[in-house]
Amino acid sequence: MRARWLRRRKRVRALLKPLPRRANIHRYPVLKRFAAYARRYPFLWSFRDAPVLRAIYLGSLLTFMPSYGLQIPIAFAAACLGRANLTVTVAIQMINNPLTLGPIYIATYAIGQALMTLLRLPAGNAAVDGALALILGGAVVGLATAVLLHGLWAAGRFEARRFRQRHRPNGAGRP
């Protein structure tokens with residue numbers, strides 16, 4: 001059982017390796033300008049529940065917004081302002097990449113159009129309506145994704161807590 005858990009942990013660490021951390025943030029072209037600022041604030045690197053959950057919600061909302069190409073700088077600013085975990089916020093931005101860009105924007109546009117019809121929003125300029133549909137659909141899909149990721153995070157935390165309790169030496173640690 002422990003070997004399986006260690007293999008899973010090793011896979012997660014391999015996935016997180018290319019993402020910004022306190023030690024390597026200066027290597028990222030856009031983020032290196034803010035490296036000194038990022039090192040001063042520990043919440044950007046904390047994996048406690050509050051910063052991670054903020055990062056999940058901020059990152060999920062941002063990843064489905066029509067801001068491709070500016071996502072990482074916007075995610076950095078949102079993590080700083082929202083006191084969220086930077087690694088998780090940036091990792092969630094990787095959902096939207098050149099391969100998934102088209103299908104994601106088509107789906108969010110369709111959802112946004114359906115919501116606009118359902119809410120009976122008045123039709124105006126086609127370009128404005130299209131942008132509004134894309135933003136509205138992105139917000140809905142982003143929040144739905146955030147709720148799903150929140151559930152997965154909670155399940156992972158529960159499993160980790162249970163694992164620690166089962167493998168704790170007798171009489172050691174907190175109850």
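Quick one: how many residues across the range 76-133 are of a type in the set (D, E, K, R) and more than 30 Å from R40 (Cα to Cα)? Please lay out each step first, then the result.
Of all residues in the range 76-133, those of a type in the set (D, E, K, R) come to 83, 120, 129.
So of that shortlist, the ones also more than 30 Å from R40 (Cα to Cα) come out as 120, 129.
Final tally of qualifying residues: 2.
Is it true that T87 is under 20 Å from G137 (Cβ atoms) and not aliphatic (A, V, I, L, M)?
Numbers: under 20 Å from G137 (Cβ atoms): no; not aliphatic (A, V, I, L, M): yes.
So T87 does not fit the description; no.
Considering only residues that are aromatic (F, W, Y) and under 18 Å from V30 (Cβ atoms), which ones fall in the range 71-116? Give the derivation first.
Within the range 71-116, the subset aromatic (F, W, Y) is 76, 105, 109.
F76, the sole residue that qualifies.
State which residue pairs qualify: first residue surrounded by 16 or more Cβ atoms within 10 Å (Cβ to Cβ) and inside the range 126-145, second residue not in a helix (DSSP H, G or I) in any location, beta carbons under 6 Å apart, and separation of 6 or more residues or different chains.
If the second residue must be not in a helix (DSSP H, G or I), the pairs left are L134/P66; G138/F64; G138/M65; V141/F64; G142/F64.
For every residue, the table says whether it meets (1) within 16 Å of T145 (Cα to Cα); (2) of a type in the set (S, T, N, Q); (3) not in a helix (DSSP H, G or I).
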residue: S60; (1), (2), (3): yes, yes, no
residue: P73; (1), (2), (3): no, no, no
residue: C80; (1), (2), (3): no, no, no
residue: A84; (1), (2), (3): no, no, yes
residue: A91; (1), (2), (3): yes, no, no
residue: L99; (1), (2), (3): no, no, yes
residue: G102; (1), (2), (3): no, no, no
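Can you tell me which residue in the range 60-109 is surrounded by the fewest Cβ atoms within 10 Å (Cβ to Cβ), limited to those that are in contact (Cβ under 8 Å) with a residue 60 or more places away in the chain and under 10 Å from the mean Cα position of the chain (by Cα)? Give the derivation first.
Quick first cut of the range 60-109, residues in contact (Cβ under 8 Å) with a residue 60 or more places away in the chain only: 60-66, 86-87, 90-91.
Among the residues that remain, those that are also under 10 Å from the mean Cα position of the chain (by Cα) are: 60-63, 86-87, 90-91.
Values: S60: 23, L61: 18, L62: 24, T63: 26, L86: 28, T87: 23, V90: 22, A91: 20.
So, considering only residues that are in contact (Cβ under 8 Å) with a residue 60 or more places away in the chain and under 10 Å from the mean Cα position of the chain (by Cα), the one surrounded by the fewest Cβ atoms within 10 Å (Cβ to Cβ) is L61.
How many residues does the range 16-40 hold that are assigned to a helix (DSSP H, G or I), hydrophobic (A, V, I, L, M, F, W, C) and exposed (fewer than 11 other Cβ atoms within 10 Å of the Cβ)? Can you show your working first?
Quick first cut of the range 16-40, residues assigned to a helix (DSSP H, G or I) only: 16, 25-27, 31-40.
Of the ones still in play, those that are also hydrophobic (A, V, I, L, M, F, W, C) are 16, 25, 31, 34-36, 38.
Then keep just the ones that are exposed (fewer than 11 other Cβ atoms within 10 Å of the Cβ); that gives 36.
Final tally of qualifying residues: 1.
Output the number of the condition that R168 fails; it satisfies all remaining conditions of (1) surrounded by 11 or more Cβ atoms within 10 Å (Cβ to Cβ); (2) more than 25 Å from R9 (Cβ to Cβ); (3) of a type in the set (D, E, K, R).
The failed condition is (2).
Filter the range 31-56 for residues that are within 14 Å of L149 (Cβ to Cβ) and charged (D, E, K, R) and give the result.
Matches in the range 31-56: D49, R54.
Does A114 satisfy being of a type outside the set (V, I, T), in a helix (DSSP H, G or I), over 30 Å from A23 (Cβ atoms) and out of contact with any Phe, Trp or Tyr (no Cβ under 9 Å at 6 or more places or on another chain)?
On the way: of a type outside the set (V, I, T): yes; in a helix (DSSP H, G or I): yes; over 30 Å from A23 (Cβ atoms): yes; out of contact with any Phe, Trp or Tyr (no Cβ under 9 Å at 6 or more places or on another chain): yes.
So A114 fits the description; yes.
Take the residues in the range 31-58 that are touching a helix residue (DSSP H, G or I) at 6+ places or on another chain (Cβ under 6 Å) and in contact (Cβ under 8 Å) with a residue 40 or more places away in the chain, then tell me which one is farthest from N97 (Cα to Cα). First the steps, then the outcome.
Within the range 31-58, the first condition is being touching a helix residue (DSSP H, G or I) at 6+ places or on another chain (Cβ under 6 Å), and the residues that meet it are 31-32, 35, 38, 43-44, 51-52, 54-58.
Narrowing the set further to residues that are in contact (Cβ under 8 Å) with a residue 40 or more places away in the chain leaves 31, 38, 43-44, 52, 56-57.
Numbers: L31: 19, A38: 25, F43: 27, L44: 23, V52: 22, I56: 18, Y57: 19 Å.
The qualifying residue farthest from N97 (Cα to Cα) is F43.
Just checking, does the range 17-32 include any residue being of a type in the set (S, T, Y) and within 22 Å of E159 (Cα to Cα)?
Narrowing the range 17-32 to residues of a type in the set (S, T, Y): 28.
Keeping just the survivors that are within 22 Å of E159 (Cα to Cα) gives none.
No, the conditions are met nowhere in the range 17-32.
Here, each number is a calculation from the coordinates, and none is a lab measurement. Every value quoted in this text rests on a predicted model; they were computed, and no experiment measured them. Glycine gets a Cβ as well: all are built from the backbone with ideal geometry, and neighbour counts include every protein chain shown.
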